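Contents: one structure, followed by commentary.
The values are calculated or read from the model by the stated rules, or taken from the named source; none is laboratory data. Since we're looking at a predicted model, the values are computed, not measured. Cβ atoms come from the backbone with ideal geometry, glycine included; neighbour counts cover every protein chain shown.
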Amino acid sequence: MRLMRFVMVVIWVFFSFPAIAQKDMLADRPPMGWNSWNHFNRQVDDAIIRAQAEAMVSSGMRDAGYQYINIDDTWEGERDIKGNIQTNSKFPDMKALADFVHSKGLKLGIYSSPGAKTCAKFEGSLGHELQDAQTYAAWGIDYLKYDLCGLREQMKASSSPEAARKIMIDAYTKMRDALRSTGRPIVYSLCQYGEDAVWEWGSDVGGNLWRTTGDISDKYAKMAEIGFGQAGLGRFAGPGHWNDPDMLEVGNGGMTADEYRTHMSLWAILAAPLLAGNDLTTMTPETVALLTKHDVIAVDQDAAGKQGDRVSAEGPVEVWARVLADGSKAVGIFNRHHTVLAARIDFGTIGFKGTVKARDLWQGKDLGKLSSPYVVKVPAHGVVFLKVTQ
Ligand code: GLA
């Protein structure tokens, strides 16, 4: 009877105070952090991870909202005689590393594959899902990126595309159940490059985020192809389950500052995970400023969790907008051309009437009242990123 009353109270609290319920939700905002792959690739080791964690704190990134330090592929060693996964020599003690990362007020992520091998041909989780989830939980892991790669072998050998799809979905479901059974909150990141319309089923298999594309690279053309290619996916995302257009390249040196501003602004409008992919220990002040711009991060992390979308495209000028919790809109005016040009914006097409109030988010400057048409110069491959209020 007492237990019954307790359960009723818990249910009542959950439904009466959605804020409380949401606070306990895993990935209630798009995850923010860092991942080793884009910059360090196969070189990642224990010392690099510790240094990145320290730099995330000293650079101010932790205070700006970044939280996860994620080890990507190539940490895996052999299995022991009981089948337990072990680290290779680059990671002498994963539990100690997790303790260190936690001591900095950060969380640790790891990587595996539902196949026998990972993309880099290291040991995957096939046939050891529960055991691996238990090992991760015992180490103190907070985030798992689960990368399809090796499972393609089984999928290819199957009798039909439908059978292949089932193999993949079953594999992702299996790891979801394994992670849940540990009782440890572990963010579950699906990585299968956006195939089979993953946005339609990613949430059903427990994904807190799912990659919607192939791998990004540190070039404007690739970043733009991925970022601007996200149109129409917004309705599949929300608190606890996000589209993931891949990790950031900001600070890796292959794009101009304007191109990196496009990268950050677009990812913020897309409510995308912000996983830095550069070396945090050697950042220029410009890179730190790009990654920690408060007004831009606030758009990405907005409490309503509504992913934005493209409003219009006129040649190289694209306007994208995202509805924010306070009723205003984040508006990105993007120039995809390689020369500066003047864009003409009619706020009516973005859902406003008459004059609007605007703030330039990169300049951190209130622009006062604006009326349509608003003509603004947008740098080559750049963006003018506004917060617009009626
Ligand atoms: C795939 C993923 C990348 C990275 C590598 C590691 O290519 O898409 O993000 O994890 O595997 O091998």
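Would you check if there is a residue in segment 186-194 being more than 16 Å from the ligand (Cβ to nearest atom) and modelled with pLDDT of 95 or more? Yes, segment 186-194 has at least one match. Give me the pairs: first residue in segment 377-390 and part of a loop (DSSP other than H, G, I, E, B), second residue aromatic (Phe, Trp, Tyr), beta-carbon distance under 9 Å, and six or more apart or on different chains, which are they? Note: pairs meeting the criteria are HIS381/TYR220; HIS381/PHE334; GLY382/PHE334; GLN390/PHE352.
For segment 362-369, the count of residues that are part of a strand (DSSP E or B), more than 31 Å from the chain's Cα centre (by Cα) and not aromatic (Phe, Trp, Tyr) is nonzero. GLY240 fulfils the conditions (1) more than 16 Å from the ligand (Cβ to nearest atom); (2) over 17 Å from the mean Cα position of the chain (by Cα) except for a single criterion, (2).
Count of segment 366-387 residues, restricted to those that are closer than 11 Å to ALA342 by Cα, of a type in the set (A, V, I, L, M, F, W, C) and surrounded by fewer than 19 Cβ atoms within 10 Å (Cβ to Cβ), is 3. Against the test of being in contact with a helix residue (DSSP H, G or I) (Cβ under 7 Å, 6 or more places away or on another chain) and either more than 15 Å from the ligand (Cβ to nearest atom) or without any contact (Cβ under 8 Å) to a residue 12 or more places away in the chain (or both), the options ARG176, ARG165 yield a single qualifying residue, ARG165.
Got a sec? Which of GLY109, GLY127, GLY77, GLY115 is of a type outside the set (Ser, Thr, Tyr), buried (at least 20 other Cβ atoms within 10 Å of the Cβ) and over 22 Å from ASP279 (Cβ atoms)?
Numbers: GLY109 fails: over 22 Å from ASP279 (Cβ atoms); GLY127 fails: buried (at least 20 other Cβ atoms within 10 Å of the Cβ); GLY77 fails: buried (at least 20 other Cβ atoms within 10 Å of the Cβ).
Testing whether each residue is of a type outside the set (Ser, Thr, Tyr), buried (at least 20 other Cβ atoms within 10 Å of the Cβ) and over 22 Å from ASP279 (Cβ atoms) leaves just GLY115.
Of ALA325, ALA304, ALA321, all but one fail to be surrounded by 13 or more Cβ atoms within 10 Å (Cβ to Cβ), farther than 18 Å from PHE228 by Cα and under 23 Å from the mean Cα position of the chain (by Cα); the exception is ALA304.
Quick one: would you say SER125 is at pLDDT 95 or above, more than 24 Å from the chain's Cα centre (by Cα) and among the hydroxyl-bearing types (Ser, Thr, Tyr)?
Numbers: at pLDDT 95 or above: yes; more than 24 Å from the chain's Cα centre (by Cα): no; among the hydroxyl-bearing types (Ser, Thr, Tyr): yes.
So SER125 fails the test.
For segment 255-294, a residue qualifies if it is under 19 Å from GLY60 (Cα atoms) and out of contact with any Gly (no Cβ under 9 Å at 6 or more places or on another chain), and the qualifying residues are MET264, THR281, PRO285, ALA289.
I'd like to check something: does segment 92-105 contain any residue that is without any contact (Cβ under 8 Å) to a residue 40 or more places away in the chain and at positive phi? Checked against the condition, which is being without any contact (Cβ under 8 Å) to a residue 40 or more places away in the chain and at positive phi, segment 92-105 yields no hits at all.
Picking from residues in segment 146-162 that are part of a helix (DSSP H, G or I) and free of Cβ contacts under 8 Å to residues at least 24 places away in the same chain, the one that is surrounded by the most Cβ atoms within 10 Å (Cβ to Cβ) is MET155. Return the residue satisfying two criteria in turn: it lies in segment 280-320 and is in contact with a strand residue (DSSP E or B) (Cβ under 6 Å, 6 or more places away or on another chain) and assigned to a strand (DSSP E or B), and of such residues it is nearest to VAL340 (Cα to Cα). Only one residue fits best here, namely VAL317.
Of all the residues in segment 179-203, those that are free of Cβ contacts under 8 Å to residues at least 40 places away in the same chain and either touching a strand residue (DSSP E or B) at 6+ places or on another chain (Cβ under 7 Å) or of a type in the set (A, V, I, L, M, F, W, C) (or both) number 6.
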